[in-house]
Structure formats: C-alpha cells, structure tokens
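The values are calculated or read from the model by the stated rules, or taken from the named source; none is laboratory data. All of these numbers come straight from a predicted model, not from anything done at the bench. Methodologically, a virtual Cβ is constructed for each residue, glycine included, from the backbone with ideal geometry; neighbour enumeration extends over all protein chains shown.
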Amino acid sequence: MARFLPEVAFSHSSADDLQLLPLRFERLGADRYFLANMVGDGLLLSSDELNRVISLELAAGDGLYERAFSKLLVSRKGQRSQLQLLALRLRSRMAFLREATALHLFVVTLRCEHSCPYCQVSRRSADRERYDMSEETAMRALDVALSAPPQAIKIEFQGGEPLLNFELIRAIVEEAERRRGSLGKAIQFVITTNLALLTDDVLVFCRDHSIQISTSLDGPADLHNRNRPRPGGNSHALAVAGIHRVREALGKDSLGALMTTTEASLDRVEDIVDEYVRLGLDGVFLRPLSPYGFAIKTKQFAKYDANRWLRFYERGLRYIIDLNKRGIHFPEFYSALLLKRMLTDRPMGYVDLRSPAGIGLGALVYNYDGKVFASDEGRMLAEMGDRTFELGDLATDTYRSLIMSDKLVGLVSGSMTQCAPQCSTCAYEPHCGADPVYHHATQADSLGIKPLSGFCTRQKGIMRLLFELLEGSPEDAAVLRRWAA
Amino acid sequence: MTPLTLWGQALAVEGMGGGESRAVLRFRAAGSGGYHLDEHDAVLIHNADDAEIARAAGVQTAVFVARDIAASHGYVFPRRVSLPANFDYLGDGDIIGLNPRSRNLRVLYRRSSSHNSILVTERCNHYCLMCSQPPRDIDDGWILDEIAECLPLIDPTTRSIGFTGGEPLLEWRRFTRLLSIARTTLPETEIHVLTNGRGFASPEVVAAWAAVGSTKLCAGIPIYSAVDHIHDYVVQARDAFDETVLGILRLKDKDQRVEIRVVLHGITAPRIVETCSWIARNLPFVDHVALMGLENTGFALANQDLLWVDPLDYRSDLTAAVGILSSAGVKVSVYNLPLCLLDREIWPFAVQSISDWKNAYLPICGTCAVRDRCAGFFSTGRMRESRGILPLPPESLPARLSAMER
Ligand code: SF4
Ligand code: SF4
C-alpha cells in the first residue's frame with residue numbers, strides 16, 4: 001500500500017506564497033468589520049482577524065485562511081481559479097449593460113385631480129391644451145422607444161394622472177401592438193394610476209392588452225387620505241375599491257402598489273404593512289420621499305432625515321420578517337432587490353440602483369411637451385426649472401442622438417460608483433448604485449459627497465442591517481433568502 | 001450480501017487464438033434459433049436443447065456457464081468459452097471482454113442494469129484518500145480499444161452508460177474519440193463520465209470534449225472543499241483544486257454539462273455547509289450536485305480512522321447544505337445514504353444510487369416501510385453500521401418521495 005501525504009504537505013509555506021484579492025471593508029462596530037470581496041460578499045471579522053487577513057498572517061487549518069479563501073479574499077500566487085471566479089461573477093453582475101434602455105416612460109399628462117402636498121411631479125389641475133401629451137408627440141416617442149435595442153421593452157404610462165388622458169394611452173398601445181410583430185419585440189405595458197378614475201372601459205382595455213397597473217397606497221385610510229387629498233377626501237376608498245376591481249378583472253399578479261413615507265407615516269409602519277396585508281397585496285415597497293417637486297416646495301421632504309427614515313425602515317422590516325416567519329410570504333421589495341444583489345450574481349439593471357447609472361441607459365422619459373429626459377426624477381427637476389437631465393426633444397432627436405449625447409455620457413461617466421470617492425472603497429459598492437439626479441438635486445453635483453448624502457446614509461444603513469440579519473439569526477436569514485430567490 | 005462478480009477467469013477458452021488480442025463477446029440467448037449473429041455474438045448454452053438449436057443454426061461461438069453441456073453431449077462448436085457459476089446472471093445482450101490466453105475476463109455491459117459503468121483506465125493523477133478503485137500505474141491502453149469494440153454492440157435503447165477510471169482524461173485524445181463513437185452508436189443514451197476534471201484546465205481538452213457535440217454527455221467532477229489545500233489533501237495532489245475549478249469554468253463556458261460530486265467523509269462532511277454555500281455562490285450554473293455517502297472499500301478502508309464518520313453526525317449539516325443549494329436553484333441529490341439517516345425534509349432529494357451489483361440491505365431492513373425507496377448499503381468493502389439505522393413504520397411512507405417524481 002502506498003503512503004499518503006499528511007495535510008501539511010498541501011498548504012502554502014509562507015505569506016510570500018499568498019496574495020490578497022481585491023477587497024474593501026466597512027467598520028460596523030468597535031471590534032466588528034465587514035470585509036467584502038470584489039463582488040460584495042464576504043466575512044464579518046474582528047479587528048484582529050481583519051488585520052491578519054490583510055497582512056496575510058494566515059495558516060492552513062487556522063480557520064481564518066479557510067474562510068478568507070472560500071470567500072475569494074485571498075489566493076495562492078499563481079492560482080488562476082480564484083481570479084476566474086471573480087471575473088465570471090463580475091461579468092454576470094454587469095450583464096445588464098447588454099440590454100440598454102428597456103424602460104420607456106410616457107408622461108401622457110401632467111394634470112391630476114389629486115392635490116398631494118408631497119407630489120414630486122408638480123402636477124397641474126387644469127389646462128388640457130398645455131399639459132396633455134399630443135398624439136403626434138406620442139407617436140414620435142413610440143418611434144424612439146421602438147428603436148431602442150432590447151428585444152423586450154416596458155412602456156409605462158405616467159402622469160399626473162394618466163387616466164385623464166386615457167384616449168392617448170389607447171392610441172399608443174394599439175399602435176405599439178401593430179408594430180411590434182415586424183420588429184420582433186415583446187412589449188409590456190404598465191399604467192401608474194391613483195385608480196380614482198378607473199372605469200369599466202379602462203379595465204376591459206387593460207385586460208384585452210395585458211396591461212399592468214401600478215398604484216399608490218400610503219397605508220390605512222386616515223394616513224392615506226391625509227397624504228393624498230382630493231376633492232371629497234376619498235382617495236383611500238377609491239384606491240381600495242380600484243385595487244379590488246383591478247384584481248378581479250385582470251388577475252392578482254397584474255397589480256402592484258407603492259407607498260411613500262411622509263412624516264405622518266414614521267410612527268405607523270405596522271399600520272401601513274397591515275393595510276397591505278389586509279388588502280392581499282403581495283408585498284410592500286417602503287419608499288422615502290424624493291427631493292423633487294412639491295415635496296420640496298411644501299417642505300415635506302425636509303421633515304425627516306435619512307436616519308429617522310432608517311429607523312422607520314428597520315422597524316418595518318423587522319415587523320415584516322416576523323409576518324413571514326408566521327408563514328405569510330410577504331417581501332419588502334427594496335430589501336428583496338438588495339438581497340438579490342447580495343446573495344446572487346444575477347444581473348440587476350434596476351434603473352434607480354445601478355452603476356453605470358440607469359439614466360438614459362436604463363430608461364428614457366418622454367414628457368408631455370415632447371422633451372426627453374434621462375429619468376423620471378429628471379423631468380421632476382425640470383418642472384422646478386432645472387433642465388440638467390433634459391436630453392433633447394422628440395421633434396429633432398433619435399434614440400441614438402439621445403443616448404450618445406455628450407450630456408448623457410458626461411452625466412453617466414461622471415457619476416460611476418466604481419471610481420467615485422467613498423464609493424470606490426465602500427464594501428457595499430457592488431450592491432449600490434449611482435444616483436446622479438438625487439445628488440444633483442441635493443448637492444448640485446451629480447457625483448455627490450457621499451458622507452453628506454441622504455441616499456448614501458440610507459443605503460449603508462439598509463445594507464448593513466441586511467448583512468446583520470443574515471449573519472445574526474438563521475430564521476431571519478431564511479426569510480430573507482426566500483425573498484432573494 | 002456479496003456483490004455480483006464483474007471480473008474473473010473463464011474455466012476454458014477454446015478456438016479463440018492464443019495471441020495478445022482480446023475478444024469482445026456479446027451474449028445471445030439460445031432461444032429458438034433463426035439468428036442474425038454478429039462476429040462478436042456468442043450464444044449462451046444452458047441445456048441440451050440450446051446446444052442442439054445452436055448447432056443446427058451453425059453458431060460459431062458458444063458460451064457455457066457452470067457446466068460444459070456441449071462436451072458432455074458431444075456437440076462441437078468452433079469457439080467455446082466456459083464460465084464459472086458466479087457468472088450465471090449473464091444474459092442476452094450482455095457483453096464481456098476476454099483475454100483468450102490468460103482467460104481473464106471482465107463484464108463490460110449488462111443489458112438489464114441501469115448502472116452500467118465502464119472502467120476506462122486504472123491510471124490516475126490523483127490518489128484520493130478514499131478511492132474505491134485504487135489506481136495502478138500500468139499500461140492499460142488496450143482497454144480503450146476494447147471499449148471501442150464494445151460500444152457498437154450495446155443495445156441502443158440503453159438509458160445511460162457511465163465511464164469511470166482511474167482518470168479517463170489522461171488519454172483524452174483517445175477517450176474523446178471513444179465518446180464520439182458512443183454518440184454515433186448510442187445517440188439516445190446518457191453518457192456520464194467520472195473525471196477529476198483537471199484535464200479541462202486545458203482549452204485543447206475542452207475543445208475536444210465539446211467537439212463530441214453530444215447533449216447527452218455529462219462530466220461528473222468531484223470537489224471536496226471550497227478550500228484549496230483541503231481538496232488537494234483529499235485527492236493527494238497539489239494544485240488539483242485550482243485546475244479542477246478552472247476546468248469546470250471552461251466546460252460551462254462551452255455549455256457542457258457538469259455534475260459536481262462531493263463524497264462525505266471525516267474530512268469533507270464537517271465542511272459540507274461551507275462547501276455547498278461556496279458552490280451556490282460561485283458555481284450555481286452547474287447542472288447537478290451529488291452529495292454522496294462513502295463507499296467503505298479500497299483506500300477508504302486503509303484510512304478508516306481518518307475518514308469514517310457516522311452519517312448521523314452530519315445529518316443536520318447535510319439538511320442545511322441541501323437547502324442552501326436548492327434555494328439557490330441548483331439541482332441537488334443525496335446519494336448512497338439510507339433514508340433512516342436523513343432528515344425527512346431532504347428525502348425528496350435522496351436517490352437510490354448504489355449500483356445494482358453492489359447494493360444490499362440489512363436484515364432489519366426487512367420490516368422497513370421505505371425499503372423500496374431507500375438507497376440501502378454498499379455490499380463492497382467492509383460495512384460500518386451507523387447508530388441511526390432504524391426500520392420505519394408504515395405511516396412514514398410519504399405519497400411522493402423522489403425528486404424525480406415531482
Ligand atoms: S453611495 Fe454610499 S453606500 Fe453606496 S456605494 Fe457609495 S459610499 Fe457606499
Ligand atoms: S431501515 Fe433499512 S431500508 Fe429502512 S431506511 Fe434504514 S437502511 Fe433504509
């Protein structure tokens with residue numbers, strides 16, 4: 001019988017045999033660090049352990065070597081597989097770049113019958129002539145949308161309240177369906193509506209054309225009606241009735257609801273979640289207010305800072321996780337999105353959370369007046385007089401001229417987290433994104449100084465929370481993993 | 001509990017020449033005559049009637065098991081092979097390779113089995129601590145020729161065929177040529193190759209493998225740990241981890257099917273959660289992961305102190321590992337482990353994986369309600385009994401058990 005070699009014969013002999021792979025770390029507490037590899041997964045370590053990894057004081061069998069190696073933080077010199085795994089995973093994560101501009105937003109009107117003080121689009125209450133999109137403009141917008149490269153695109157109707165200009169929606173959908181066959185494109189339609197003006201006609205049309213509905217629901221009646229005033233003070237009742245009707249006519253999966261957090265929401269996250277569960281919605285997206293439109297004018301935006309919002313979010317998330325532990329599958333969608341990034345390498349081109357940014361490259365917005373914007377928030381800024389994110393005009397521009405414009409290229413390349421101060425050394429960067437519109441709006445600089453950024457504070461806070469939950473409690477982790485699946 | 005005999009020596013071989021060249025014989029039942037016999041076909045003679053029919057039909061090659069009826073009845077066939085009684089399970093369509101001079105033979109294919117596995121070489125560049133087929137450094141290139149001769153004789157309705165070693169890729173040019181033959185002669189058959197995958201670190205080898213052009217071809221490649229030195233220690237070869245992982249990436253880059261195999265023993269089982277988390281994160285695109293109980297034979301016996309671990313002691317880790325892989329969307333199975341040693345929630349992943357010729361149960365299994373679906377035990381080597389073997393009462397039988405049935 002031949003002899004077998006002992007375990008030591010297969011380990012490295014000194015630190016000189018080892019090398020560090022690209023890594024970043026974040027201090028979580030007095031003696032706790034999150035050490036991330038190039039694609040953002042990694043280890044929670046004490047400062048002593050962190051120092052040992054970084055100085056390569058690692059011995060086979062000490063446990064730390066094994067943890068660091070299997071997390072792609074170190075490799076032996078000359079090994080190729082560790083680098084190949086990182087390269088492959090990075091390539092997979094960035095594959096969303098192959099699908100440019102899958103989302104096309106049509107602002108078919110800026111008019112709305114609601115008068116929400118937090119309105120971020122600066123809606124108008126009258127003047128159809130001026131604030132409705134014309135059919136001519138709509139058809140030019142469709143030309144641009146259909147000339148974008150992806151095989152599958154999504155067309156979303158926005159407002160104002162888009163149902164106020166439903167005839168135009170009808171015309172756009174019908175024309176798009178006429179043309180999609182010869183172009184070989186799959187097109188999905190979504191209407192974002194408060195549902196107050198929902199009619200049977202609308203429902204039938206939506207059913208016949210597989211149109212999905214996205215609506216707003218801020219919580220129980222008192223909170224919702226306070227946030228979202230309209231004549232009659234019945235926004236909540238109309239929304240709830242609409243939700244039921246939509247689900248009945250179009251099926252459960254064709255409706256999603258979004259909430260916006262106002263100061264009045266901050267103490268009421270359980271009520272908000274309960275309301276979503278009560279209505280049988282399939283999850284909730286806990287969203288902060290954005291710094292645009294009336295939210296700024298009426299000072300709604302300034303009423304709470306990122307830290308207060310984070311406390312609200314954490315309380316809500318824990319409450320939702322508990323619901324899930326009791327057997328209700330009910331994700332918080334923003335966490336689910338981040339968890340997909342943290343736990344998998346599937347390409348995630350979510351337009352608001354990616355780098356290179358999703359402005360233009362992920363979405364284009366066709367405004368009622370024919371102007372084209374790089375994002376929904378970009379047109380919100382324009383209503384406030386800031387045209388930084390206006391890429392052009394449907395009267396003269398093509399998809400190519402919009403996407404290749406110096407303006408867009410400059411905004412995208414100038415905001416990449418991969419090379420931004422703070423972000424480039426941030427352990428969470430692989431899961432985060434560039435938000436040039438937010439930073440432009442709040443700091444007059446599309447890159448932004450991250451330690452002063454509410455966006456960054458929220459991002460760090462949520463990701464840190466998610467990592468702690470994943471590490472800290474197997475039951476919580478099981479719930480979160482299901483959301484990412 | 002003894003395994004079927006797959007290797008042995010013929011009692012007598014006559015009329016087959018005495019040179020070095022080996023013969024590949026496919027057995028045919030004597031039946032009622034009217035044969036269309038290939039030059040490789042040999043008719044099985046069990047009694048005087050068989051012998052008469054075969055003689056009348058002009059059969060050239062006759063095979064006798066246990067008793068040379070022809071001799072006792074005075075029939076003469078130009079070529080005759082006489083086998084000992086432990087080969088009496090062989091039947092119509094089965095194939096053997098025979099060295100007429102030494103009379104050594106091995107069974108290459110059994111038509112009635114769903115576990116046909118053909119040894120390609122005994123040579124290997126690994127020396128795994130638990131190897132069930134300890135490698136030998138010999139010149140056994142003739143085996144490839146024998147297989148090439150055997151492949152066209154295999155029943156084309158066979159569902160799957162395995163190739164194993166040793167390390168088949170050591171002779172990758174000749175081996176991939178063999179795979180191309182199999183693709184032509186057995187177009188519907190799943191071809192499963194057990195390889196350590198290191199050869200695939202070379203693009204040339206991957207190109208040759210991909211050029212076989214078969215969607216039925218799958219490489220089963222072991223990875224024993226997410227950590228380089230632990231894997232290298234188990235396989236007793238430096239740099240094995242690096243080359244194997246690289247090989248898997250190259251295969252998947254060419255859209256080839258890959259199964260990762262993890263044998264569970266004293267070194268690998270304690271790390272199974274780490275290993276499977278690593279697979280889920282880094283190689284979620286592999287086609288299948290098999291988590292496999294240890295076959296206590298070969299080197300595993302020599303290294304028992306190091307390797308034996310009662311599956312009861314890694315039971316909950318195994319459940320966690322299966323959960324991690326399946327929730328990452330990776331297809332996973334548990335091989336070679338009895339159901340009574342597995343948590344109920346992973347029963348749907350358990351497969352009756354032990355090859356029929358070496359599969360057995362314990363006497364107490366006779367009263368067990370799930371015996372028909374249990375993987376049971378290896379009859380090879382020396383069995384180590386777990387503390388957890390426990391026949392299950394009838395109410396434990398779930399309506400649907402196998403992942404395949406879902
Ligand atoms: S914005 Fe903040 S959390 Fe996001 S990558 Fe930059 S520094 Fe990190
Ligand atoms: S008692 Fe025997 S047949 Fe029953 S599960 Fe255990 S090993 Fe299998």
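All but one of (1) touching a strand residue (DSSP E or B) at 6+ places or on another chain (Cβ under 8 Å); (2) within 16 Å of ligand 1 (Cβ to nearest atom); (3) not small (Gly, Ala, Ser) hold for A:Leu408; state the number of the condition that does not hold.
Unmet condition: (2).
If you take just the helices (runs of 4 or more DSSP H) that sit entirely in region A:195-310, which of them hold at least 3 residues that are closer than 21 Å to A:Pro117 by Cβ?
Passing ranges, in order: A:221-227, A:235-250, A:269-278, A:294-297.
What number of residues within region A:415-443 are of a type in the set (S, T, N, Q) and surrounded by 20 or more Cβ atoms within 10 Å (Cβ to Cβ)?
Final tally of qualifying residues: 2.
Given the conditions (1) buried (at least 18 other Cβ atoms within 10 Å of the Cβ); (2) more than 13 Å from ligand 2 (Cβ to nearest atom); (3) over 18 Å from B:Glu385 (Cβ atoms), report the number of the one that B:Ala350 does not fulfil.
All conditions pass for B:Ala350, except number (2).
Only one of (1) within 14 Å of chain B (Cβ to nearest Cβ); (2) exposed (fewer than 15 other Cβ atoms within 10 Å of the Cβ); (3) among the aliphatic types (A, V, I, L, M) is not met by A:Leu73, so which one is it?
That leaves (2) as the condition not met.
How many residues are more than 7 Å from chain A (Cβ to nearest Cβ) and not aromatic (Phe, Trp, Tyr) when one looks only at region B:219-249?
Of the residues in that region, 17 qualify.
Can you tell me which residues in region B:353-373 are surrounded by 15 or more Cβ atoms within 10 Å (Cβ to Cβ) and more than 11 Å from ligand 2 (Cβ to nearest atom)?
Answer for region B:353-373, where residues must be surrounded by 15 or more Cβ atoms within 10 Å (Cβ to Cβ) and more than 11 Å from ligand 2 (Cβ to nearest atom): B:Ser353, B:Ile354, B:Ser355, B:Trp357, B:Lys358, B:Asn359.
Among the numbered criteria (1) buried (at least 20 other Cβ atoms within 10 Å of the Cβ); (2) on the phi < 0 side of the Ramachandran plot, which single criterion is violated by B:Gly166?
(2)
Looking at A:Arg130, A:Arg124, which one is farther than 27 Å from A:Leu258 by Cβ, basic (Lys, Arg) and assigned by TED's automatic domain parsing to the domain that holds A:Lys303?
When all the criteria are applied, what remains is A:Arg130.
On the given criteria, is B:Pro156 assigned to a loop (DSSP other than H, G, I, E, B) and surrounded by fewer than 16 Cβ atoms within 10 Å (Cβ to Cβ)?
Here the answer is yes, as B:Pro156 does meet what is asked.
Test B:Leu264 against the criterion of being buried (at least 18 other Cβ atoms within 10 Å of the Cβ), out of contact with any Asp or Glu (no Cβ under 7 Å at 6 or more places or on another chain) and more than 14 Å from every other protein chain (Cβ to nearest Cβ), and give yes or no.
When the stated conditions are applied, B:Leu264 passes them.
Every residue in region B:321-347 that is within 14 Å of chain A (Cβ to nearest Cβ), aliphatic (A, V, I, L, M) and part of a loop (DSSP other than H, G, I, E, B), please.
Hits for region B:321-347 are B:Ala328, B:Val330.
Here's the yes/no breakdown for (1) within 14 Å of chain B (Cβ to nearest Cβ); (2) in contact with a helix residue (DSSP H, G or I) (Cβ under 8 Å, 6 or more places away or on another chain); (3) charged (D, E, K, R); (4) more than 30 Å from A:Thr344 (Cβ to Cβ):
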site	(1), (2), (3), (4)
A:Asn51	no, no, no, yes
A:Gln84	yes, yes, no, no
A:Met94	no, no, no, no
A:Leu97	no, no, no, no
A:Cys112	no, yes, no, yes
A:Val121	no, yes, no, yes
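On the basis of being surrounded by fewer than 19 Cβ atoms within 10 Å (Cβ to Cβ), basic (Lys, Arg) and away from chain A (no Cβ under 14 Å), does B:Lys254 make the cut?
no
Going through A:Gly454, A:Gly414, A:Gly472, A:Gly385 one at a time, which residue ends up being assigned by TED's automatic domain parsing to the domain that holds A:Thr344 and either within 16 Å of ligand 1 (Cβ to nearest atom) or farther than 23 Å from A:His104 by Cβ (or both)?
A:Gly385
From the list A:Tyr334, A:Tyr304, pick out the single residue that is in contact (Cβ under 8 Å) with a residue 40 or more places away in the chain and within 23 Å of A:Val39 (Cβ to Cβ).
A:Tyr334
Return the residues of region A:420-451 that are in contact with a helix residue (DSSP H, G or I) (Cβ under 9 Å, 6 or more places away or on another chain) and away from ligand 1 (no atom under 11 Å from the Cβ); say none if nothing qualifies.
Across region A:420-451, the qualifying residues are A:Pro436, A:Val437, A:His440, A:Ala441, A:Thr442, A:Gln443, A:Asp445, A:Ser446.
Taking region A:457-468 on its own, how many of its residues are touching a helix residue (DSSP H, G or I) at 6+ places or on another chain (Cβ under 8 Å) and more than 10 Å from ligand 1 (Cβ to nearest atom)?
Summing the residues that are touching a helix residue (DSSP H, G or I) at 6+ places or on another chain (Cβ under 8 Å) and more than 10 Å from ligand 1 (Cβ to nearest atom) in region A:457-468 gives 3.
Has region A:198-213 got any residue that is modelled with pLDDT under 90 and touching an Asp or Glu at 6+ places or on another chain (Cβ under 9 Å)?
Scanning region A:198-213, I find no residue that is modelled with pLDDT under 90 and touching an Asp or Glu at 6+ places or on another chain (Cβ under 9 Å), so the answer is no.
Which count do you get for residues in region B:210-229 that are crowded, with 22+ Cβ neighbours inside 10 Å and either out of contact with any Lys or Arg (no Cβ under 8 Å at 6 or more places or on another chain) or not assigned by TED's automatic domain parsing to the domain that holds B:Ile279 (or both)?
2
Return yes or no: is B:Gly366 touching a Pro at 6+ places or on another chain (Cβ under 9 Å) and assigned to a loop (DSSP other than H, G, I, E, B)?
The answer is no for B:Gly366.
Just a yes or no: is a residue in region A:11-28 among the polar types (S, T, N, Q), more than 10 Å from chain B (Cβ to nearest Cβ), surrounded by fewer than 17 Cβ atoms within 10 Å (Cβ to Cβ) and touching an Asp or Glu at 6+ places or on another chain (Cβ under 9 Å)?
no
Return only the number of the condition from (1) in contact with a Pro (Cβ under 8 Å, 6 or more places away or on another chain); (2) at the interface with chain A (Cβ under 9 Å from one of its Cβ atoms) that B:Leu318 does not satisfy.
The single condition B:Leu318 does not satisfy is (2).
Could you tell me which numbered condition B:Arg123 fails, if it satisfies all but one of (1) within 30 Å of B:Val309 (Cβ to Cβ); (2) of a type in the set (D, E, K, R); (3) not assigned by TED's automatic domain parsing to the domain that holds B:Val234?
Here B:Arg123 clears every test but (3).
Need at least 2 residues that are within 26 Å of A:Gly378 (Cα to Cα) per element, so show me which helices (runs of 4 or more DSSP H) inside region A:71-187 make the cut, counting only ones lying wholly within it.
A:128-131, A:135-146, A:166-183
Filter region B:96-121 down to the residues that are more than 23 Å from B:Asp137 (Cβ to Cβ) and of a type in the set (Gly, Ala, Ser) and list them by number.
Of everything in region B:96-121, those that are more than 23 Å from B:Asp137 (Cβ to Cβ) and of a type in the set (Gly, Ala, Ser) turn out to be B:Ser112, B:Ser113, B:Ser114.
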